[in-house]
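Asks: Pasting a structure here, questions to come.
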Amino acid sequence: MKATTIYDVAKEAGVSIASVSNAINGKGKIGKKKREEIFKVMERLQYQPSVIASALMGKKTYTLGLLIPDVSNPFFSEIARSVEDLAHHAGYSVITCSTDNKDERVEKYIRLLEQKSIDGIIIGTGVENTDILMQLAEKSVPIVMFAREVSGLSVHSVLTDDF
């Protein structure tokens with residue numbers, strides 16, 4: 001069975017795809033009655049807006065990446081759980097990646113997360129090759145480091161005082 005598209009919703013609702021998009025995003029000058037009608041059609045057709053299509057349009061994907069060395073380490077599993085809880089509360093999903101502190105895994109995961117058009121990345125793993133982080137920063141991907149610092153790169157960091 002073929003997935004329902006925005007074109008199917010527009011045709012069924014008797015409106016343009018721009019009107020469907022505006023209804024979804026709360027923009028444009030669509031009357032309350034027409035907006036409700038569009039949402040009823042979306043529900044009836046079980047239409048789910050494409051996160052990928054939204055990302056291609058430069059919109060948020062409401063997805064964050066979390067890089068940690070080892071999800072089985074109690075410190076990092078607690079951090080991962082907290083990040084996920086807070087993100088969920090804010091309407092975001094989190095893709096958690098265990099890197100084993102290996103640069104090749106860090107790079108692989110960062111490329112994967114970029115392909116998913118994440119809205120930001122939280123890094124708590126060692127990164128020897130800071131070039132990949134600089135490339136992310138140049139693309140305006142928000143980066144937050146925790147329990148780690150990266151010299152030569154201006155990113156937000158959350159650190160502990162181990163004293």
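Asks: Go through the range 118-135 and count every residue that is part of a helix (DSSP H, G or I) and either touching a residue at least 40 places away in the same chain (Cβ under 8 Å) or open to solvent by 40 Å² or more (accessible area, probe 1.4 Å) (or both).
Replies: Final tally of qualifying residues: 3.
Asks: Please determine, by comparing only the residues of the range 84-117 that are aliphatic (A, V, I, L, M), touching a residue at least 24 places away in the same chain (Cβ under 8 Å) and out of contact with any Phe, Trp or Tyr (no Cβ under 9 Å at 6 or more places or on another chain), which one is farthest from Val158 (Cα to Cα).
Replies: Leu113
Asks: Residues of the range 142-163 being more than 17 Å from Ile132 (Cβ to Cβ) and not polar (S, T, N, Q), which ones?
Replies: Passing the criteria: Phe146, Ala147, His156, Val158, Leu159, Asp161, Asp162, Phe163.
Asks: May I pose another question? When the residues of the range 136-146 are filtered to those that are in a loop (DSSP other than H, G, I, E, B) and touching a residue at least 24 places away in the same chain (Cβ under 8 Å), which remaining residue is surrounded by the fewest Cβ atoms within 10 Å (Cβ to Cβ)?
Replies: Applying the filter and picking the extreme gives Lys139.
Asks: Still on this structure, please answer the following. Which one is farthest from Lys60 (Cα to Cα) among residues in the range 1-35 that are loosely packed, with under 12 Cβ neighbours inside 10 Å and charged (D, E, K, R)?
Replies: For the range 1-35, the residue satisfying everything is Lys33.
The values are calculated or read from the model by the stated rules, or taken from the named source; none is laboratory data. All of these numbers come straight from a predicted model, not from anything done at the bench. All Cβ positions, glycine included, derive from the backbone under ideal geometry; neighbour counts span all protein chains shown. Remember, those area values only see protein heavy atoms, side chains included, never the ligands or the DNA or RNA. Shrake-Rupley method; radii C 1.70, N 1.55, O 1.52, S 1.80 Å.
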